[in-house]
Amino acid sequence: MAVLLLIIICWVLAYFRAGRWTWTVTLALALALWGAATPAGMAASPLAWSLFLPLALILNCAPLRRNILIRPAFSLFKRMLPPLSATEREALEAGTVGWDGELFSGDPNWQKLLAQPAARLTAEEQAFLDGPVERLCAMLDEWRIIEHDKDLPPEVWRFIREERFFGMNIPRAYGGLGFSVWAHSQVIMKIASRSVTAAVTVMVPNSLGPAELLLRYGTQAQKDHYLPRLARGDEIPCFALTGPEAGSDAASIPDTGIVCRGEFEGREVVGIRLNWEKRYITLGPVATLIGLAFRLRDPERLLGGREEPGITLALVPAAAPGITIGSRHMPLDLPFQNGPNRGRDVFIPLDRIIGGAAGAGQGWRMLMESLSVGRSISLPALSTGGAKLACRAIGAYARIRRQFRLPIGQMEGVEEALARMAGLTFQMDAARVMTSAAVDRGERPAVLSAIVKYTLTERMRRVVNDAMDVQGGSGIMLGPRNVIARTYQSAPIGVTVEGANILTRTMIIFGQGAIRSHPHVFAEIQAAADPDGKAGLNRFDQVFCAHVGFTIGTAARALWLGLTAGRLALAPPGPSRRLFRTATRLSAAFALAADMAMLTLGGALKRREKLSGRLADILANLYLVSAVLKQHEERGRPADERPLLEWACAESFRAVQEAFEGLLRNLPNRPVAWLLRLLTFPLGFRFSGPDDRLGHEVAALLLAPSPARDRLTAGIFAPASPDEPLGRLEDALVKVIVAEPLERRLRDALKEGRLTAGSDEQLLEEGLRTGIIAAADGEVIRLATAARREVIRVDDFPSDHWQRGDGK
């Protein structure tokens, strides 16, 4: 009985993460009461106190603790710590920690999340979406752009410049629009639902490009000179980072800049002689201003510092002597401007370095912080626009298209794909909204930006794959009538750029998150790197003790929440409380698993990319669950949206469990894996994902007009004209739904023997003749039939179309 009571006391102390003194006093009182209250306790009291007192003294006396426990742990930690290059250290220090820190804590504060303000557009931003963005979308003909022009038409380029699309992120003081991140996201998403080519063209100058870098790091003179020109479109910017030998491993840039004396505009100045070779540079072929990343060297120490200052960013006029630019790549036949550029002995003055001479060697930090913003906005918006378009268009198509005299959307196989499309799109939009709002609050989410880049581009790929499967043969027939093929064609581009998704998942999300977002690890690394050994040890003592307490507490929480299925976890009141509690339970399990993986593998975890990828999957899906829960609460918990919420959470809970299973099967330290399995899933793996009933409800939301369907696909360009592919689908959807009861009346009459079998037209004629339906009803059916036939038509071309090359 006494042992059981001691276990309960220790568990309670661990669960609530009590401090050292609380543990010491509580256990001392327990020992005293045990010794005084029971004969057995009295007999064992001397032995118990002889063990307890030395341990309590060591733990609570700082000099003893540091010499006996912390110093060896400090030495071991330094040996286990993987070597960090300067660029890796800068990447870890870049950006801020937000909701990812709460998920790593194992005890996320849901009230804190729900209290964060929702994303809102200003009246001016909404007017821009309803005006210039709507007009731009109406000007775009993606078929002609791709098939004939191989570029945006001149009038579109002119409109983009005149309406300051390239200056959305530039403040009004410099002639830009000064829009919020949320407005930027909304604009890109809407354009992407019409033309990927145009969306990429607009998004690049507003994300990773000279404007963003100048705003954060430029000198005042640089801002005054360049920002107004960029906002007006007088300068077309590109950013040259990727090269043949430096892709996802951008830190290995081989391009060089040598500080030297040279002639510039007729006078000798100290400057930089550049040599580089870049490729895959969006807007490169039409750029007038190149943002260039290179490795700076100063062999003569003309800058007064190191010989190797490191990665540096500079602004280089594209017309400068020695630059070769203008040739194009063709990314999967999508003709947004993209191409290589090269420089040979290009000389620029020092004031072209972003930030001036003080910016020398600061480029990697600048890049990491700017990438976190770009990844948070542009690619998530592009992906969500494509997914929303797929849901709107292919949901309608599945109701309109018939096989076996049945809308294909009512077939369970198709229904399964539709449910997946809707559920994943719901997750995507929620994550986009939540992350954009965080950036607007001033966060620079290094880890969360990698999560949304990876998860949203991957989900867009899955959504458009499902959309093509549902549309079938008409989906693969290119032409002006095809609403989804170009989005399908573009999916690998988002997956590949700004860090290939394989590496984003296996190296960045958890690899960076485990250090940056963990409550204690980054502080431990900083202590280990402290050049003052004594100060580092003292700092490590504080952080390491807190880390040990955190891990013990997380283990207690994970076990208790696993045993109770999270039922006693704190969570906001309301119908979603069960979902909040489940997410809390899995967060505790994740925090414990992350600690155990780092403890047992140390620096080797950096090379165990499969394990790191599974931990990334857990973190990413917990973020998606957080996003959909927040969005549902912000919208006032609409009842018609509940199936989407349940599906999205069930799918992510299943994915988290699958990642845990893979992690536990493959952790090299098997005893730790077995213990972790017991603590995190004590009652077994019980998450099965969305069931068929729920999938049916979710799929049904795409098959008919409704407020839930409108919310899911809100923000895309939705032309009403039946001459447009999407407008044609919307028109036919309404007509088909109106005609369905009348067609059902004819089928029922056929079953009852009042009509004879024949074609649909024969059945209609006989129904009219026998009075089963009225003449007006017959006209409704004929209109629906005509609209259906228009929808299922595909394009065909003259046999010499491609030989003519006119694209018409």
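The values are calculated or read from the model by the stated rules, or taken from the named source; none is laboratory data. In this text, all values refer to a predicted model and were calculated from it rather than measured experimentally. Note that each Cβ is placed from the backbone with ideal geometry, even for glycine, and that neighbours are counted across all protein chains shown. What goes into the accessible areas is simple: the full protein's heavy atoms, side chains included, and nothing from ligands, DNA or RNA. Shrake-Rupley method; radii C 1.70, N 1.55, O 1.52, S 1.80 Å.
Take segment 490-507 and flag every residue that is in contact (Cβ under 8 Å) with a residue 40 or more places away in the chain and open to solvent by less than 40 Å² (accessible area, probe 1.4 Å). Correct list: S490, A491, I493, G494, G499, A500, N501, T504, T506. Just to be sure, is L332 in contact (Cβ under 8 Å) with a residue 24 or more places away in the chain, open to solvent by 40 Å² or more (accessible area, probe 1.4 Å) and closer than 21 Å to P492 by Cβ? Yes, satisfied. Taking segment 408-427 as the range and being open to solvent by less than 10 Å² (accessible area, probe 1.4 Å) and not aliphatic (A, V, I, L, M) as the test, the residues that pass are G409, G423, T425, F426, Q427.
It is to be established whether one or more residues within segment 355-373 are free of Cβ contacts under 8 Å to residues at least 60 places away in the same chain and under 24 Å from V470 (Cα atoms). No, segment 355-373 has no match at all. Given the criteria more than 30 Å from L406 (Cα to Cα) and crowded, with 16+ Cβ neighbours inside 10 Å, does L663 qualify? For L663, the condition - more than 30 Å from L406 (Cα to Cα) and crowded, with 16+ Cβ neighbours inside 10 Å - is met.
Within segment 669-683, the set of residues being under 30 Å from the mean Cα position of the chain (by Cα) and without any contact (Cβ under 8 Å) to a residue 12 or more places away in the chain comprises A673 only. Say whether the condition of being at pLDDT below 85, under 30 Å from A450 (Cα atoms) and either within 44 Å of the chain's Cα centre (by Cα) or open to solvent by 50 Å² or more (accessible area, probe 1.4 Å) (or both) is met by at least one residue in segment 95-102. Checking segment 95-102: at least one residue is at pLDDT below 85, under 30 Å from A450 (Cα atoms) and either within 44 Å of the chain's Cα centre (by Cα) or open to solvent by 50 Å² or more (accessible area, probe 1.4 Å) (or both). Checking each residue in segment 451-485 for being under 22 Å from N621 (Cβ atoms), open to solvent by 10 Å² or more (accessible area, probe 1.4 Å) and among the hydroxyl-bearing types (S, T, Y) picks out only Y454. Of the residues making up segment 520-561, just one is without any contact (Cβ under 8 Å) to a residue 60 or more places away in the chain, open to solvent by less than 40 Å² (accessible area, probe 1.4 Å) and of a type in the set (S, T, N, Q), namely T551.
Is there a residue being under 14 Å from the mean Cα position of the chain (by Cα) and over 17 Å from R392 (Cβ atoms) anywhere in segment 483-494? Scanning segment 483-494 turns up at least one residue that is under 14 Å from the mean Cα position of the chain (by Cα) and over 17 Å from R392 (Cβ atoms).
Of all residues in segment 751-808, those that are assigned to a loop (DSSP other than H, G, I, E, B), closer than 18 Å to R405 by Cα, charged (D, E, K, R) and modelled with pLDDT under 90 total 1.
Regarding segment 604-620, can at least one residue be identified that is in a helix (DSSP H, G or I), touching a Lys or Arg at 6+ places or on another chain (Cβ under 9 Å), open to solvent by 30 Å² or more (accessible area, probe 1.4 Å) and under 21 Å from S517 (Cα atoms)? Yes, the conditions are met somewhere in segment 604-620. Can you spot a residue in segment 444-461 that is in a loop (DSSP other than H, G, I, E, B), of a type in the set (A, V, I, L, M, F, W, C) and in contact (Cβ under 8 Å) with a residue 40 or more places away in the chain? Looking for residues that are in a loop (DSSP other than H, G, I, E, B), of a type in the set (A, V, I, L, M, F, W, C) and in contact (Cβ under 8 Å) with a residue 40 or more places away in the chain, one finds none in segment 444-461, hence no. Just one of (1) out of contact with any Phe, Trp or Tyr (no Cβ under 9 Å at 6 or more places or on another chain); (2) surrounded by fewer than 24 Cβ atoms within 10 Å (Cβ to Cβ) fails for A438. It is (1).
Among the residues making up segment 139-177, those that are open to solvent by 40 Å² or more (accessible area, probe 1.4 Å) and part of a loop (DSSP other than H, G, I, E, B) are D141, K150, E163, R164, P171.
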